[in-house]
Amino acid sequence: MPRKVKFVATPSRLSEILAHLRKEPRPQMRELKSLKITYAYRNDHWGARHFVKDELPRIRYANPRMDIQVNKLPKTPQDNFKPEVTLELRDGSTRTLDVDGKWSSTIFTELMDIGGGPGWAKWKEDRAAAGLPVVDIPKPKPKPQPKQSKEESPFWSSAAIDMPNPFSMSADSGKTGAAAVLP
């Protein structure tokens, strides 16, 4: 007699990671030999950093033999360099992409346009026919609502409480000490 199932297991962390790595479109880049990305590791180049975090693992998973190099350089306010992706194609030519100020999805699209091949062209045609964007644009995280300050809070507002403000009374009443504050 088979056992009874006591609970329904939720997807494990590993299955979520594998689902992300296998997400469509698969970034199979047969035309590329190597990929090198250079960006600041802190305080700048946010699109390149998100590309490395979100899309580069998918590229590595789909292309295990591709040579991928990531250079995270320290950047001071005096430094002025732009992030770039250098691609070496199978025919020996080299292409450089300027990724300054671009979203990770835009970097991915430009990279796939160069090295994606016929599978990428078919993906773009299918998405255009369906009226969808080529790749899904990442949604920004919602910003938390700012907390109300004490002046804006209804608890502290004088309009919510119909009591006289003891600090607004005139000090010329002739009373001193606690008697000056009490009604």
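The values are calculated or read from the model by the stated rules, or taken from the named source; none is laboratory data. Note that the coordinates shown come from a computational prediction; the quantities given were computed from them, not determined experimentally. Neighbour counts are summed over all protein chains in view; Cβ atoms, including those assigned to glycine, are modelled from backbone coordinates with ideal geometry.
Quick notes on this structure:
- Of all residues in segment 10-23, those satisfying the criterion of being surrounded by 10 or more Cβ atoms within 10 Å (Cβ to Cβ) and within 21 Å of the chain's Cα centre (by Cα) are Glu16, Ile17, Leu18, Ala19, His20, Leu21, Arg22, Lys23.
- Ser93 vs. criteria out of contact with any strand residue (DSSP E or B) (no Cβ under 7 Å at 6 or more places or on another chain), at pLDDT 90 or above and either among the aliphatic types (A, V, I, L, M) or exposed (fewer than 11 other Cβ atoms within 10 Å of the Cβ) (or both): yes
- Being outside any helix (DSSP H, G or I), at positive phi and either of a type in the set (Lys, Arg) or loosely packed, with under 10 Cβ neighbours inside 10 Å (or both) is not true of Gly101.
- Segment 32-75, residues that are within 19 Å of Thr106 (Cβ to Cβ), acidic (Asp, Glu) and in contact with a Lys or Arg (Cβ under 9 Å, 6 or more places away or on another chain): Asp44
- Where Phe7 falls short, out of the listed (1) modelled with pLDDT of 90 or more; (2) exposed (fewer than 11 other Cβ atoms within 10 Å of the Cβ): (1)
- Restricting attention to segment 124-164, the residues that are at pLDDT below 85 and acidic (Asp, Glu) add up to 4.
- Hits in segment 120-137 - residues which are surrounded by 12 or more Cβ atoms within 10 Å (Cβ to Cβ) and either in a loop (DSSP other than H, G, I, E, B) or touching a residue at least 60 places away in the same chain (Cβ under 8 Å) (or both): Trp120, Trp123, Val134, Val135
- The listed residue being part of a strand (DSSP E or B) and either of a type in the set (Phe, Trp, Tyr) or more than 25 Å from Gly117 (Cα to Cα) (or both), out of Asn43, Asn71, Asn80: Asn71
- One residue stands out in segment 1-26 among those that are of a type in the set (Gly, Ala, Ser) and either in contact with a helix residue (DSSP H, G or I) (Cβ under 6 Å, 6 or more places away or on another chain) or part of a loop (DSSP other than H, G, I, E, B) (or both): the one that is nearest to Arg127 (Cα to Cα), namely Ser12.
- Output for segment 67-87, where each listed residue is within 16 Å of Lys53 (Cα to Cα) and of a type in the set (Val, Ile, Thr): Ile68, Val70, Val85
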